[in-house]
Each structure stands twice: as C-alpha cells, then as structure tokens.
Amino acid sequence: MTMKTLLMLLALLCVSSFATGQDALPSWNDRASKHAIVDFVERVTTEGSADYVAPGARIATFDNDGCLWAEQPVYFQLIFAVDRIKAMAPDNPGWMTTEPYKSVLAGDMESLAKQGHKAIGEIIAATHAGMTTDEFDSVVRDWLTTARHPSTGKRYTDMVYKPMLELLDFLRGNGFQTFIVSGGGIDFLRVFAEEVYGIPPHQVVGSSMKTGYEVRNGMPTLVKQVELNFIDDKEGKPVGIHQHIGRRPVFAAGNSDGDFQMLEYVTAGDGPRFGLLVHHTDDEREWAYDRDSHVGQLNRGLDEAEQLGWVVVDMAQDWATIFP
C-alpha cells in the first residue's frame with residue numbers, strides 16, 4: 001500500500017459526524033445547548049463559510065474540576081493529598097500535634113477549611129515536594145487505581161462526565177486540538193489525562209511547583225520542590241494559555257467563576273467564538289450547587305453569561321447521562 005493510499009483511507013475513517021449523519025453527542029438531550037455546539041462546529045469547519053477557522057487555529061480549552069470530572073465534596077487532588085498525609089504520618093510523628101496535619105489526621109476537614117489556603121498549600125507541599133517526577137507519577141497512578149470516592153464508591157477516574165467526553169471526541173473529530181486548563185496541579189493531571197480524556201501531557205496546562213534538576217544515584221532526574229511556580233486559576237488561566245499554547249483559543253468550557261477570565265479572554269477574540277459553562281443543577285444524579293458552594297462557586301458567570309453570549313449547560317436538563 002502506498003503512502004498516498006494510506007492517507008486517503010485515514011481521511012475516510014476520520015469523516016466527521018456531519019458527513020456520516022451520526023449523532024456525535026448521544027448523551028446530550030435535544031436542546032438548545034447541543035444545537036449551539038453542533039452549529040458552531042459546523043460553521044467553523046465548513047470551507048467557504050464566513051466563519052471558517054483553519055485547522056491550526058481550532059483550539060479548545062477545558063477546565064477539569066467540575067467541568068470534565070466531579071469536584072464534590074472537595075477537589076480530588078486535595079483528597080489525594082489528605083490520603084498521602086495519612087500514609088506518611090508514621091514517618092512524621094510531629095504531625096499529630098502540629099496544624100494543619102493534626103486536623104487532617106483527625107479527619108476534621110471543617111477545621112482544616114477554617115485554616116484557609118495557606119494550610120492547604122502546606123499539605124500540598126508536604127505531600128508533593130521532594131519526590132522525583134517519576135516517583136510522583138507512580139504514587140498518583142497507584143492512588144487513582146485504589147482510591148474510591150466517599151459518596152459513590154467509584155474510582156475517581158470514573159467520576160468523569162460522559163457528555164464532556166463525547167464533546168472532546170466531537171471536537172477532535174472535526175480538527176480541534178483540545179487542552180486542559182485547570183487550577184489543579186499540572187503533574188497530577190498529566191498522569192491520567194491521556195488515558196481518561198485523550199489529552200496528551202503536553203496539552204495540559206495547570207498550577208505547578210518549581211522543579212529542579214538533580215543526578216540521583218547516577219541518574220539524571222527532575223525533583224519537585226517546595227516553592228510555588230504558577231497558579232493557573234482565574235486571571236492566571238489566560239496567562240497559562242499564552243505561556244503554554246501561544247495563541248487564543250476559539251472554544252472554552254468551564255463551570256465556575258475561577259474559569260470566568262478564561263472564557264472572557266477566549267470569547268473576546270475576533271471571529272467565531274464559543275464559551276460554555278457547566279451548571280451543576282442535578283442533585284439526584286450528581287450535586288446541585290452554584291453561588292454558595294465551597295467549591296466551584298458560580299456567581300458572576302451566571303449573571304453575565306447571557307450578555308456575553310455564553311452557553312450555560314443545565315446538567316439536569318441537557319444531559320441524558322452523567323457518568324459513563
């Protein structure tokens with residue numbers, strides 16, 4: 001088989017849903033949100049259309065917590081850090097009487113929350129720093145294999161949203177590059193993003209600690225350090241997009257006011273743009289929360305989405321299925 005023949009066959013296999021007539025978003029109910037997504041993708045991928053976007057510029061960014069997977073009762077990476085504190089406690093006896101570790105070991109998450117972001121930062125530093133990046137990857141992978149969500153009993157990587165997985169596939173099937181842009185840790189996300197979302201490590205943008213180069217036992221390696229490097233949240237998200245991607249996306253999806261600046265930045269560009277907010281309205285199949293939530297708070301986004309032309313996805317009404 002010649003290379004030309006092979007490329008022709010691959011092109012036939014990659015025909016978009018528009019040509020095949022198949023429903024690319026079967027977990028989305030036949031409502032305005034789904035129609036808006038399909039219409040946008042059709043317009044920007046149809047050659048000759050006034051809204052046509054060249055493949056190289058078809059970039060879509062997605063928040064992770066609360067957008068691609070669940071985030072209740074707290075962000076899953078914090079649960080990972082808490083589990084690590086418990087596992088590391090026998091080697092750190094002083095933690096039993098020292099905050100914030102004392103509250104973690106006592107299971108007193110309310111007291112931990114009252115100690116604020118500084119306490120959470122200490123926990124993240126204690127459980128992430130000092131390891132090589134390979135060691136960290138291994139620890140995260142083991143945890144994702146064994147840990148279970150406290151309410152559902154599911155593995156955390158099974159707490160992903162099926163409609164959003166379909167959306168990722170739909171966009172990629174129509175020439176988009178899909179990126180995660182999350183406030184979560186970049187190294188944590190990179191462990192599972194490709195397997196779970198089909199998003200390779202180099203297309204993950206997240207918060208990070210500084211990393212140093214060392215030779216350990218004759219082996220060149222990278223070591224996670226205590227010092228914070230970058231917070232990829234709120235105003236940091238457009239900055240992270242610029243630093244890691246280098247061009248303004250045309251599609252952005254989030255679920256909270258932590259994503260507002262990303263959607264604002266993306267949809268302010270020239271030409272066709274799409275902003276999407278996942279609104280957690282389903283307290284039977286997932287959780288219902290927005291303005292007063294301790295995680296994923298959504299105030300400004302709800303107030304300004306219509307004016308800004310963003311699509312607000314009503315989880316209870318728009319999604320036929322939530323988890324795979």
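Readers should treat all values here as calculations from the given coordinates under stated rules, not as data from a laboratory. Owing to the predicted nature of the structure, the values given are computational and were not obtained by experimental measurement. Cβ placement follows ideal geometry from the backbone for every residue including glycine, while neighbour counts extend to all protein chains displayed.
How big is the dipole moment of region 76-146 about its Cα centre under a simple scheme where the beta carbon of each Lys and Arg is +1, that of each Asp and Glu is -1, and everything else is neutral? Debye, nearest 20, please. Present the calculation step by step, with values, prior to reporting the outcome.
On the way: 6 positive and 10 negative charges, 44 e Å.
For region 76-146, the charge dipole is close to 220 debye.
Rounded to the nearest 5, what is the percent of antiparallel bridges among the DSSP beta bridges in the chain?
Looking only at bridges with both residues in the chain, the antiparallel portion is about 40 percent.
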If the only charges are +1 at each Lys and Arg Cβ and -1 at each Asp and Glu Cβ, what is the size of the charge dipole of the chain around the Cα centre, to the nearest 20 debye?
800
Compute the angle between helix 3-13 and the longest alpha-carbon principal axis of the chain, please, reported from 0 to 90 degrees and rounded to the nearest 10.
90
Select from 253, 218, 88 the residue farthest towards the positive end of the dipole of the chain; place +1 on Cβ of Lys and Arg, -1 on Cβ of Asp and Glu, and compute about the Cα centre.
218
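In the chain, once you exclude exposed GluC sites (Glu not before Pro) (DSSP loop, at most 15 other Cβ within 10 angstrom), what's the longest stretch remaining? Could you put the intermediate results ahead of the total?
Numbers: sites that count: 47, 235, 284.
It runs 48-234.
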Under a cut-off of 25 Å between alpha-carbon atoms, report the lysines in cross-link reach of residue 234, not counting same-chain residues fewer than 8 places apart.
114, 118, 210, 224
Does anyone have the angle between helix 133-146 and the longest principal axis of the chain? Alpha-carbon axes, 0 to 90°, nearest 10?
80
If the cut-off is 19 Å between C-alpha atoms, which lysines fall inside it for residue 162, apart from same-chain ones fewer than 8 positions away?
34, 154
Against the longest principal axis of the chain, how steep is helix 116-128, in degrees 0 to 90 to the nearest 10, with axes from Cα atoms?
90
Extension gain (nm, one decimal) between residue 92 and residue 57, 0.36 nm per residue minus Cα-Cα:
7.6 nm
What are the semi-axes of the equivalent ellipsoid of the chain, taken as the square roots of 5 times the eigenvalues of the Cα gyration tensor, listed largest first and rounded to whole Å?
36, 24, 19
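Could you put 295, 82 in order, starting from the residue whose Cβ has the fewest other Cβ atoms within 10 Å? Mind showing how you got there, number by number?
Working: 295 17, 82 20.
If I rank by nearby Cβ atoms, fewest first, I get 295, 82.
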Give me the number: length gained by fully extending residue 113 to residue 162, i.e. 0.36 nm times residue separation minus the C-alpha to C-alpha distance, one decimal in nm.
14.6 nm
What full-extension length gain, to one decimal in nm, is calculated for residue 211 and residue 194 as 0.36 nm per residue of separation minus the Cα-Cα distance?
3.9 nm
For region 271-324 versus region 37-92, the gap between their alpha-carbon centres in whole angstrom:
14
